[in-house]
Amino acid sequence: MPTAFADVTASDSTLRRFLHGLPGVDAVGLEARAASLGTRSIKTTAKAYAIDLAISMIDLTTLEGADTPGKVRALGAKAVNPDPTDRGTPRTAAVCVYPDMVATAKEAVAGSGVKVASVATAFPAGRAAIEVKLGDVREAVAAGADEIDMVIDRGAFLSGDYMTVFEQIRAVKEACGSARLKVIFETGELSTYDNIKRASWIGMIAGADFIKTSTGKVGVNATPANTLLMLEAVRDFRAQTGVQIGVKPAGGIRSTKDAVKFLVLVNETAGPDWLDNHWFRFGASSLLNDLLMQRQKLATGRYSGPDYVTVD
């Protein structure tokens with residue numbers, strides 16, 4: 001935690017005063033700016049660059065009760081070599097799995113540079129005692145996870161118990177050791193942009209390496225507006241502290257067109273320093289397939305057949 005915020009987190013009251021003292025979000029203005037940036041189009045060489053950049057930013061994800069070692073190995077192989085017909089295709093940033101599949105994923109991507117991320121802290125609901133949540137994290141880290149995606153206690157947050165949320169993030173960060181921590185807010189459950197802004201600041205002050213929109217398990221996940229708001233937060237946080245925090249929109253981003261819109265948001269809001277998979281990720285499963293098909297279209301002038309990409 002930056003020393004500038006030591007006084008802010010000294011007590012429940014000081015933390016509440018700080019969070020409720022943040023400037024309110026102009027919802028109409030936020031949504032209008034997100035929509036305006038989303039109308040920008042890019043062509044040819046710039047589009048090819050954006051597609052490769054987006055591929056390199058994907059956390060290729062499977063988070064289902066029916067996940068098997070075979071499915072995770074196949075996902076790992078796809079992350080390492082997304083297009084077997086074109087070895088110039090970038091690898092994805094990471095594969096994201098449940099803690100019990102981390103060891104399998106690590107084996108599948110060994111030596112490739114692809115990271116293994118694991119959801120933890122009783123994902124996706126987060127309804128568990130802190131000891132259980134920390135055990136979840138330690139299991140994943142012990143199995144070799146490079147990154148941990150935790151969910152905040154939305155019940156505590158919505159009840160105004162901000163200190164519990166802060167302290168749990170701090171405890172999880174400590175349990176991560178050298179693994180990077182992504183803090184998931186589940187923006188669709190936070191109801192207001194002001195709440196998303198407050199959650200962003202709690203996460204950043206508590207030591208998050210990334211702030212993440214969603215689990216992908218609720219009706220409303222990543223949107224241009226909520227991602228824009230979080231990009232503004234990390235930009236302002238770096239301006240105040242010198243500390244750079246990543247952003248990860250997750251859930252509902254399925255097309256190349258959508259991905260490009262988010263990259264424009266990043267460039268125009270946080271700036272080009274965030275146009276790197278160390279600082280920006282897409283939480284996705286089906287997005288990669290569309291990016292690969294659009295990539296082939298640019299290279300050959302035609303769309304591939306239905307068997308060009310694997311069905312996840």
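The values are calculated or read from the model by the stated rules, or taken from the named source; none is laboratory data. Everything numeric here is computed off the predicted structure, so don't read it as measured data. Cβ atoms come from the backbone with ideal geometry, glycine included; neighbour counts cover every protein chain shown. Heads up: the accessible areas ignore ligands, DNA and RNA and are worked out on the full protein's heavy atoms, side chains in. Shrake-Rupley method; radii C 1.70, N 1.55, O 1.52, S 1.80 Å.
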Residue among TYR162, GLY177, GLN240 farthest towards the positive dipole end of the chain, charges placed on Cβ: GLN240
Summed residue charge, Cβ within 13 Å of THR104's Cβ, Lys/Arg positive, Asp/Glu negative: 0
Alpha-carbon Rg with Dmax, taken over the stretch 1-98, Å: 21.5, 58
Surrounding net charge for ARG180, when Lys and Arg each add one and Asp and Glu each subtract one, Cβ distance under 9 Å: -1
Cα centre as origin, Lys/Arg/Asp/Glu Cβ charges: the chain dipole, Debye: 780 debye
Accessible area (Å², per residue) of the chain, counting only protein heavy atoms and a probe of 1.4 Å: 42 Å²
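Using a probe of 1.4 angstrom, how much of the accessible area of the chain is carbon and sulfur, in percent?
Numbers: 6630 of 13000 Å².
Here carbon and sulfur together make up 51 percent of the probe-accessible area.
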Given charges at beta-carbon only (K, R positive; D, E negative), |dipole| of the stretch 121-222 in Debye: 160 debye
Furthest towards positive pole of dipole, PHE5, LEU228, THR45, structure part the chain, Cβ charges: THR45
Set of lysines with alpha-carbon distance to LYS248 below 23 Å, sequence-local pairs under 8 removed: LYS47, LYS78, LYS106, LYS115, LYS133, LYS173, LYS182, LYS197, LYS212, LYS217, LYS257, LYS261
Radius 11 Å from Cβ of ARG138, net charge of other residues (Lys, Arg +1; Asp, Glu -1): -3
Helix-only [θ]222 nm of the chain, DSSP H runs n ≥ 4, -39500 (n - 2.57) each, per residue, nearest 500: -15000 deg cm²/dmol
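So, with +1 on the Cβ of K and R and -1 on the Cβ of D and E, and no other charges, what is the size of the charge dipole of the stretch 77-149 about its Cα centre, to the nearest 20 debye?
Rounded to the nearest 20 debye, it is 80 debye.
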